[in-house]
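Novice: Mind looking over this structure? Questions follow.
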Amino acid sequence: MSAQDNIQTVKDIYAAFNRNDRNAMIVALAENVEFESSPGAGEIPWAMARHGHSGIANLLDQIVEHVQMDVFEQLDFLASENQVAVVNRMEYSLKKNGQKVSFPKYIQVWTFDAAGKVEREFNSYDPTELLAAWRR
Amino acid sequence: MSEQENAQVVQGLYDSFDAGDIAGVLGALSDDVEWVLPSIPNIPFTGAKHGKDSVAGFFSTMAEHQEPQSFELQGLIAQGDRVVGYGHYRWHVKTTGRVWEGDFSHHWTVEGGKITRLQEYSDSAAAMAAF
């Protein structure tokens, strides 16, 4: 698969996420896909590491349970060989208390296997604002 | 410069940092580089720096307060004049004796063979708790 193919797959995943089409998301993922833990893991329910399609389905359930997404847009895509890095902007509200959380930019990296399926997802952001909102 | 050459510039900076060669790190930067880390209230070297001299001050102040225990670069991705490096690092805070760690990503801009901008994304909550 080319770098452009991988960028298109990542764009398709975001589009599927935004319309809550989990089947379209999961079909792009390898069966043994790994989503790395995110900052705030241990306190934020959806930040823990996930493995395999069932793990991702559980992640999506937890996001829907806890988060009202207000803005989720992709500002830039970078691709090299088998990886795509995405610069995201995200704003959401926590359903448990209505607190708003904003990430003006954060980085997400998708790694592809030889078949063109996502085998690893990595993201890094500063969780300080999220943790403060979650604790209120 | 090609994307591959831009990636090499950034890889060279990481190699210099790994070797403790801060002069080598600074040599990869443009004179008016923008160096943007999360601003953390109780950590003096964080926040935005402008210019190579200011970044040199960042490294000397950081060295007074913390030292790397590990710095694992897991990937480098280049497109146009942008390069993303990402991985995991662990720091020992000299002033408190505590250790903090987390995933990081670095969003670099490379122009004319020199780094003109860095934006770091990392876990400032973990850092704050260790200081």
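Since every read-out is calculated from the coordinates, none of them should be taken as a lab result. None of the values given here were measured: they were computed from a predicted structure. Please note: Cβ atoms are built from the backbone with ideal geometry, for glycine as well, and neighbour counts cover all protein chains shown.
Novice: Output the direction-averaged projected area (hull surface divided by four) of the convex hull of the alpha-carbon atoms of the range B:3-130, in nm².
Specialist: Taking the Cα atoms of the range B:3-130, their convex hull projects to 6.8 nm² on average.
Novice: Give me Rg over Rh for the protein assembly as shown, both radii from the alpha carbons and Rh done the Kirkwood way, two decimal places.
Specialist: When Rh is taken as the Kirkwood radius, the ratio is 0.96.
Novice: Kirkwood Rh and Cα-based Rg: tell me the resulting Rg over Rh for the range B:13-63, rounded to two decimals.
Specialist: For the range B:13-63, the value is 0.96.
Novice: A further question on this structure: Quick check: pseudo-label points 7 Å beyond the Cα along Cα→Cβ at B:Asp32 and A:Asp21, how many nm apart are they?
Specialist: In this crude spin-label approximation the distance works out to 4.6 nm.
Novice: Okay, next question. Out of A:Glu34, A:Glu119, A:Glu73, any idea which swings most in a Gaussian network model of chain A, alpha carbons joined below 10 Å?
Specialist: It is A:Glu73.
Novice: Given the pairs A:Lys105/B:Lys94; B:Lys94/B:Lys114; A:Lys11/A:Lys105; A:Lys105/B:Lys114; A:Lys11/B:Lys52, which are separated by over 27 angstrom at their Cα positions?
Specialist: Too far apart for the 27 Å limit: A:Lys105/B:Lys94; B:Lys94/B:Lys114; A:Lys11/B:Lys52.
Novice: Among rounded, prolate and oblate, which fits the range A:1-66 when a ≥ b ≥ c are the square roots of the eigenvalues of its C-alpha gyration tensor, a/c under 1.5 means rounded, and a/b larger than b/c means prolate? Please report the intermediate quantities before stating the final value.
Specialist: On the way: a/c = 1.94, a/b = 1.60, b/c = 1.21.
Prolate.
Novice: In Å, the Kirkwood hydrodynamic radius of chain A over pairs of distinct alpha carbons?
Specialist: Working: mean 1/r = 0.0656 Å⁻¹.
One decimal place: 15.2 Å for the Kirkwood radius.
Novice: Can I ask one more? Per-residue mean of other chain beta-carbon atoms within 10 angstrom of the beta-carbon, peptide A:33-46?
Specialist: Partner-chain Cβ atoms within 10 Å, mean over residues of A:33-46: 1.
Novice: Moving on to the next point. How many Cβ atoms of partner chains, on average, are near each residue of A:80-88 if near means within 10 Å of its Cβ?
Specialist: Average neighbour count from other chains, rounded to a whole number: 5.
Novice: Other chains' Cβ within 10 Å of B:82-90 residues: what's the mean?
Specialist: Numbers: counts 5, 3, 11, 2, 8, 2, 3, 0, 0.
Other-chain Cβ atoms within 10 Å of each residue's Cβ, averaged: 4.
Novice: Take chain A, connect every pair of alpha-carbon atoms lying under 10 Å apart with a spring to form a Gaussian network, then pick out the residue of A:Val64, A:Val118, A:Val33 with the largest mean-square fluctuation.
Specialist: In this elastic network of chain A, the residue with the biggest mean-square fluctuation among A:Val64, A:Val118, A:Val33 is A:Val64.
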